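The values are calculated or read from the model by the stated rules, or taken from the named source; none is laboratory data. In this text the structure is predicted, and so the values were computed from the model without any measurement. Note that each Cβ is placed from the backbone with ideal geometry, even for glycine, and that neighbours are counted across all protein chains shown. These accessible areas exclude ligands, DNA and RNA; they are computed on the full protein's heavy atoms, side chains included. Shrake-Rupley method; radii C 1.70, N 1.55, O 1.52, S 1.80 Å.
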Amino acid sequence: MTTATADLYDERGDELDSLALQLHDSGGRVAFDGPIRTVRCHRDNALVKALLATPGDGAVLVIDGGGSLESALVGDIIAASAVENGWAGLIVHGAIRDRVAIGGLDLGVKALGSNPRKSAKAGVGEVDVPVVIAGVAFVPGRHVWADADGVLVER
């Protein structure tokens, strides 16, 4: 990503939505962008793991965990799989774990927080459906940009 989100917003304004939710930067790459892919799940990361094991082609996975911090949806092994498979980054509306290890990966990761507790592995959830986080719609195929200033989403 070469254009800062602040500059991008100045250029495109109302064509973009700005996520007001404050997320922590946890990955080794702070600035990232790409087409949106989504997973909606609650305390179950089986779909996240499966999707990140497939070619990402520079996409950003938006994980809507409903804002739960009760268990982690991404850990170091899943994040390393994302790097191996060419994903640009992850935006997690929930918790991650293994923050130090994830910080050493060439992957953008923004999350609400962390929790060492593992999540369930039942495969409950939905893939590539529109999700709304803090009033902002993340629609598969549209573009998302993220950096230290925040997250912008193409309307």
Please go through (1) open to solvent by 20 Å² or more (accessible area, probe 1.4 Å); (2) out of contact with any Gly (no Cβ under 6 Å at 6 or more places or on another chain); (3) more than 23 Å from G113 (Cα to Cα) for L16 and return the number of the only condition it doesn't satisfy.
(1)
Single residue of T3, T38 found to be touching a residue at least 40 places away in the same chain (Cβ under 8 Å) and surrounded by 19 or more Cβ atoms within 10 Å (Cβ to Cβ):
T38
So which strands (runs of 3 or more DSSP E) stay within the range 86-155 end to end and still have 1 or more residues that are among the basic types (K, R) and crowded, with 16+ Cβ neighbours inside 10 Å?
108-114
Would you confirm, using the coordinates I've provided, whether V74 is of a type outside the set (S, T, Y), open to solvent by less than 60 Å² (accessible area, probe 1.4 Å) and out of contact with any helix residue (DSSP H, G or I) (no Cβ under 7 Å at 6 or more places or on another chain)?
no
Residue ID - farthest from the chain's Cα centre (by Cα), chosen from residues in the range 50-83 that are touching a residue at least 40 places away in the same chain (Cβ under 8 Å) and over 17 Å from G113 (Cα atoms):
A50
Would you point out which residue out of K110, K118 is more than 14 Å from the chain's Cα centre (by Cα) and not small (G, A, S)?
K118
Odd one out for K49, checked against (1) assigned to a loop (DSSP other than H, G, I, E, B); (2) touching a helix residue (DSSP H, G or I) at 6+ places or on another chain (Cβ under 9 Å); (3) of a type in the set (D, E, K, R):
(1)
Just name the residue that is nearest to R117 (Cα to Cα) out of those in the range 27-40 that are within 13 Å of the chain's Cα centre (by Cα) and in a loop (DSSP other than H, G, I, E, B).
G27
Between a residue in the range 128-143 that is free of Cβ contacts under 8 Å to residues at least 12 places away in the same chain and farther than 13 Å from V60 by Cβ and any residue that is of a type outside the set (K, R) and open to solvent by less than 60 Å² (accessible area, probe 1.4 Å), which pairs come within a Cβ distance under 7 Å, given they are 6 or more apart or on different chains?
none
